[in-house]
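Peer 1: Have a look at this one.
The values are calculated or read from the model by the stated rules, or taken from the named source; none is laboratory data. The shown structure was predicted, so the numbers you read here are calculated from the model rather than taken from an experiment. With ideal geometry, Cβ positions are generated from the backbone for all residues, glycine too; neighbour counts draw on all protein chains shown.
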Amino acid sequence: MRVAVVGTGVSGLVAAHLLHSRAELTLFEARERIGGHVATVEVEGPDGNTLAVDTGFIVYNERNYPLFTRLLGELGVGTQPSDMSFSVRCDRTGLEYNGSTIRQLFSRRRNLLDPGFYRMIRDILRFNREAVGALETGAAQATLGEYVSAAGYSRRLAEHYLVPMGSALWSIPRSQVLEMPAAFFVRFFEHHGMLTVDDRPEWRVVRGGSQRYVDTLVQPFRERIRTGTPVQAVGRTEDGVVVDGEAFDHVVLACHADQALAVLTDATEAEREVLGALPYQENDVVLHTDTSVLPRRRRAWGSWNYWLKGDEDAPATVTYDMN
């Protein structure tokens, strides 16, 4: 059985991992490197040692990623706990906070005397307490912005908590966060333990960088991977499929939905409807040592640091402190 796999992100590599012992595989990768969102960069540390820094896929937890957890166990790849604290810095209002501890919550002393800040904290607690139940009473069809407005939450809750969190989690412009379906947003928070302070999953990282699991995973079929080979056309035949003129029995399209739709020469109406409904957005990622993009007060620094610049139309900046 001949099987083509288009794309070498985690989906394509796991498909190949499951198939390589019982199929003649060929993996196609448009870029010169494999791994998809895995982007581990090796840099020289302060002591001259080499540090592996992840700039794409960074963290996971065992509760929400059981299959990935099992895969790492099968591969014998080690992991370690990670900090997932979150900070917000707003240049327009001067607000800075990190929600991890009381001390960090009030890292800007003015927060102690700010009624609006206390209102935001109360609204966060109320949102955590009521949001799931609200989905049972009609809010499931609303956007996040509609739900927040109808429930009487403060603007500060949206501007300085929900929008920064949503924008950072999904790497989308802040203008799009309140347009998300409320049900999707709330269910994600619920599943990831983000609506509670005492039942949150432990986040973990791959020890030595995520590239380690990729290198281990592809060892049995590395020679079957064609990098720098973007697929142009995939079509059905009576005997199987044709990928750029090469015949296969089956093909796994392990690429983005828009990319899959672009290469399908005979996409069905259902395929066009589903694959065409998923938009994508590019994001720039820079590995740097510039601490000026973090909160001004070091006490407020977190693992994820969200910076709302003075211009409300300016894109927000999310900085992951990898130390």
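Peer 1: For region 241-248, state whether one or more residues are of a type in the set (Phe, Trp, Tyr), within 30 Å of residue 42 (Cβ to Cβ) and in contact (Cβ under 8 Å) with a residue 40 or more places away in the chain.
Peer 2: Looking through region 241-248, none of the residues is of a type in the set (Phe, Trp, Tyr), within 30 Å of residue 42 (Cβ to Cβ) and in contact (Cβ under 8 Å) with a residue 40 or more places away in the chain.
Peer 1: Same structure, new question: Of a type in the set (Ser, Thr, Tyr) and part of a loop (DSSP other than H, G, I, E, B): is that true of residue 229 in this structure?
Peer 2: The answer is yes for residue 229.
Peer 1: If you don't mind, another one. Right, residue 179: among the acidic types (Asp, Glu), within 26 Å of residue 85 (Cβ to Cβ) and in contact with a helix residue (DSSP H, G or I) (Cβ under 9 Å, 6 or more places away or on another chain) or not?
Peer 2: Working: among the acidic types (Asp, Glu): yes; within 26 Å of residue 85 (Cβ to Cβ): no; in contact with a helix residue (DSSP H, G or I) (Cβ under 9 Å, 6 or more places away or on another chain): yes.
So residue 179 fails the test.
Peer 1: Just one of the numbered conditions (1) assigned by TED's automatic domain parsing to the domain that holds residue 170; (2) free of Cβ contacts under 8 Å to residues at least 12 places away in the same chain is not true of residue 303; which one?
Peer 2: (2)
Peer 1: Here is a follow-up. Among the residues of region 258-273, write down those that are among the hydrophobic types (A, V, I, L, M, F, W, C) and either modelled with pLDDT under 95 or more than 21 Å from the chain's Cα centre (by Cα) (or both).
Peer 2: If the condition is that a residue be among the hydrophobic types (A, V, I, L, M, F, W, C) and either modelled with pLDDT under 95 or more than 21 Å from the chain's Cα centre (by Cα) (or both), then 261, 262, 263, 264, 267, 270 are the ones that fit.
Peer 1: Restricting the first residue to region 122-142 and requiring it to be over 19 Å from residue 165 (Cα atoms), which pairs with a second residue that is in a helix (DSSP H, G or I) and among the β-branched types (Val, Ile, Thr) meet a Cβ separation below 8 Å and a spacing of at least six or different chains?
Peer 2: Filtered contacts from region 122-142: 134/186; 135/186.
Peer 1: Output the residues belonging to region 141-164 that are surrounded by fewer than 21 Cβ atoms within 10 Å (Cβ to Cβ), of a type outside the set (Asp, Glu) and under 18 Å from residue 187 (Cβ atoms).
Peer 2: Passing the criteria: 141, 142, 143, 145, 151.
Results for (1) more than 24 Å from residue 166 (Cβ to Cβ); (2) of a type outside the set (A, V, I, L, M, F, W, C); (3) surrounded by fewer than 16 Cβ atoms within 10 Å (Cβ to Cβ), shown as yes or no for each residue.
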{"site": "50", "(1), (2), (3)": "yes, yes, yes"}
{"site": "60", "(1), (2), (3)": "no, yes, no"}
{"site": "66", "(1), (2), (3)": "yes, yes, yes"}
{"site": "71", "(1), (2), (3)": "yes, no, no"}
{"site": "74", "(1), (2), (3)": "yes, yes, yes"}
{"site": "77", "(1), (2), (3)": "yes, no, no"}
{"site": "84", "(1), (2), (3)": "no, no, no"}
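Peer 1: Next up: Wholly within region 250-323, which strands (runs of 3 or more DSSP E) include no fewer than the required count, namely at least 2 residues that are of a type outside the set (Val, Ile, Thr)?
Peer 2: Hits in region 250-323: 250-253, 304-308.
Peer 1: Quick one: which strands (runs of 3 or more DSSP E) sit completely within region 18-122 and have at least 1 residues that are under 30 Å from residue 228 (Cα atoms)?
Peer 2: Of the strands (runs of 3 or more DSSP E) lying wholly inside region 18-122, those with at least 1 residues that are under 30 Å from residue 228 (Cα atoms) span 24-28, 40-44, 50-54.
Peer 1: Taking the conditions exactly as written (under 27 Å from residue 19 (Cα atoms), small (Gly, Ala, Ser) and out of contact with any His (no Cβ under 9 Å at 6 or more places or on another chain)), does residue 277 satisfy them or not?
Peer 2: Judged against the criteria, residue 277 is not a match.
Peer 1: Could I ask something else about it? Restricting attention to region 274-289, report how many residues are surrounded by 11 or more Cβ atoms within 10 Å (Cβ to Cβ), without any contact (Cβ under 8 Å) to a residue 40 or more places away in the chain and touching a strand residue (DSSP E or B) at 6+ places or on another chain (Cβ under 9 Å).
Peer 2: Result for region 274-289: 1.
Peer 1: Please go through (1) of a type in the set (Gly, Ala, Ser); (2) assigned by TED's automatic domain parsing to the domain that holds residue 190; (3) out of contact with any Pro (no Cβ under 9 Å at 6 or more places or on another chain) for residue 76 and return the number of the only condition it doesn't satisfy.
Peer 2: Unmet condition: (2).
Peer 1: Which members of region 168-190 meet the condition of being buried (at least 19 other Cβ atoms within 10 Å of the Cβ) and either touching a Leu at 6+ places or on another chain (Cβ under 8 Å) or outside the structural domain of residue 129 (by TED's automatic domain parsing) (or both)?
Peer 2: Answer for region 168-190, where residues must be buried (at least 19 other Cβ atoms within 10 Å of the Cβ) and either touching a Leu at 6+ places or on another chain (Cβ under 8 Å) or outside the structural domain of residue 129 (by TED's automatic domain parsing) (or both): 174, 177, 178, 182, 183, 185, 186, 189.
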